[in-house]
Amino acid sequence: MAVLPSSTTTAGFNEDGGERPTAPMSADATANDNEGRVSEEGSVRTRRIMKFELSEYTLDGSVDLKGNPAVRAKTGGWKACPFILGNEVCERLAYYGIAINLVVYLTSVLHQGTSKAATNVNNWSGTCYITPLIGGFVADAFLGRYWTIAVFSSIYLIGMVLLTLSAALPSLKPNSCPSDSDACVPASSAQLAVFYLSLYLVALGTGGIKPCVSSFGADQFDDTHDKERARKTSFFNWFYFSINVGALISASALVYIQTNVGWGWGFGIPAVAMGLAIGSFFFGTPLYRHQKPGGSPLTRIAQVLVASVRKWSIRVPTDHHDLNEVHDKESAIQGSRKIRHTNAYRFLDKAATPGPNDLKMVKEQSLTSPWRLVTVTQVEEVKILIRMAPIWLATIVFSTVYAQMSTLFVIQGKRMNTSMGPNFKIPAASLNIFDTLSIIFWVPIYDRLLVPLVRRYTEHVRGFTQVQRMGIGLFISVFSMVAAAVVEIERLRIAKDKGLLDNDTAEVPMSIFWQIPQYFLVGAAEVFTFIGQLEFFYDQAPDAMRSLSSALSLTTVALGNYLSSLLVTIITSITERNGNPGWIPDNINRGHIDYFFWLLAALSFLNLCFYLICAHFYRYKRVYAEVDEDDETAPRPPEYRSKREDDEQPRPAIES
């Protein structure tokens, strides 16, 4: 292994794997400068790059809006993030301003039945978490994150304005039900068409920007700069904090306005909030750093698989240096750093193994087909996705636990004492606010107190590694289901003592505020698992697939809801045999939703065990000439420890 000087590794790269910006040649450049030399095949740059010049630019390949190398002092970091966080607060306010009370609008204004309205809400919510795949693909393949956010935000705003008009204009909604009659006129086909068009434009817009905003915010921090890298973890904490600030406003003020003032105002205010979100985002444009799109990630995955199958009989060389890789560029994939070779899934290495039929002549030039020979970095992209898949799978059960806050927690709360004083009853669904308050409480505690405390013992820049953080959240989620089961056991006991088992409308004399612990525990689990998941699927994804990876992480929410519905369907069909009321009957006083909570607690525990096994065998991404903070098996040069030395101090040599 060759020992490299402190400022360079291979031509055109610094030791962190980023391409070094090079200044134009000047007449007074001297050959005696000792700061280091940069060279390329086919040309020699004789001007040496000074250390202060290296720190002037970002080294992760980011550029400004005009495509020039991003200047560190003028772009990115926390100076750019307030505009992104402001965008997220307003956008989430707009989204939850629709989502939280949508079922009420469908039943009270459009006169739909309860089951039909619930189905329509579930379909729309699921679409909102599937459309991120569209936005993530478009961002990574074609437009980049900035322009993807701009395009889909415009679609989002159009949908919000159209939705406001459908709720405000009498011609776009059915007449109110007569006070003395149950005969309600249903919405016409034209009215429903306008409503659903606006609703699904919102779904397309929110899905398009959802995987890009968090990734674009993280792009503002240079992975190759120690201090900025440490701040990136803090960004994800405050990003999730911003989501819940918007949700808190929607769950309180907007729900009141929609119920007591009118739906025109109730949807108009979210539309204005979305306009403010767009304004906040564009206002920060001069400060943003951008990562260039790397082309279709699906095509690159297909090329690796096809090339591997085509060369199934070729033997992979024992020395990975004999595999195909570029040397004088950051990577063959635009906007991506080169990724170090790993020995797992060796069959895929056949795609990067040069074969006798890989070259073809075009106009007397030797060219390779990307469907026969790819680079090591392209192969490692596929390997990374395979390694991430079990972690992704293990977070679906957590999303199933999360889904109970809008289903069984509400059903349970409706059969408890909801009175607050003699004249006011709190809606059972309003207790979701304690989940939001829990997150708003725990994020600053985690970011400002827990991380510095843990960092003192682990000497890890993030305090906990990403997989450790997610695992802690999965552990907490078990106890949220235990808490819900214990509350239900006590509620059923009181119902039996008071003779209310056959009364499916009366409230059991047990305060609904006994539900607060289960909501609070779910919120605490979110701070660890959902935020850790956001960071993990951004940081560990291949550089040119980060938006799509973030979209994949969001699909776990949709799959968690689908799994919850599947479990309810299966449990109901099994437990209602032979005339039994089942676990989840209409009269839950005769049911046992506590058994369902215990089932979810058991599934969460088994899922935690599965996750621990996956986490044990997971190996973090290693980009070219970079030691990852989360890779506990990697050598730890002093500059990669959490206790950083001043940037101007010379860095020790590393091996490569």
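Taken together, the values in this text are just the output of simple stated rules run on the coordinates, not laboratory data. Predicted model, so just to flag it, every value in this text is computed and none were measured. Positions of Cβ are backbone-derived with ideal geometry, glycine not excepted, and every protein chain shown enters the neighbour counts.
Here's the picture: charge each Lys and Arg Cβ at +1 and each Asp and Glu Cβ at -1 in segment 297-381, and of Ser313, Ile333, Ala344 the one pushed furthest to the positive end of that dipole is Ser313. Note on Ala389 and Ile494: the model spin-label points, each 7 Å out from Cα along the C-beta direction, lie 4.9 nm apart.
Students often get this wrong, so check it: of Lys66/Lys232; Lys79/Lys338; Lys292/Lys338; Lys425/Lys498; Lys350/Lys383; Lys210/Lys383, which have C-alpha atoms separated by over 18 Å? Those over the limit are Lys66/Lys232; Lys79/Lys338; Lys425/Lys498; Lys210/Lys383. Among Ile100, Ile574, Ile243, the ranking by other beta carbons within 10 Å of each residue's beta carbon, starting with the fewest, stands as Ile574, Ile100, Ile243. The order of the peptides 223-232, 130-139, 499-508 by mean Cβ neighbours within 10 Å, most packed first, is 130-139, 223-232, 499-508. Once the Cα-Cα distance is subtracted from the 0.36 nm per residue extended length, the Trp265 to His616 segment shows a gain of 121.2 nm. Close amide-amide hydrogen proximity is noted between Met510 and Asn417, each under 5 Å apart and 5 or more residues distant or on a separate chain (H modeled in the peptide plane; Pro and chain starts excluded). Electrostatic tally near Ile411: other residues with Cβ closer than 15 Å to its Cβ, Lys and Arg +1, Asp and Glu -1, net -1. Extension gain for Ala602-Leu197 works out to 141.7 nm (0.36 nm per residue, less the C-alpha to C-alpha distance).
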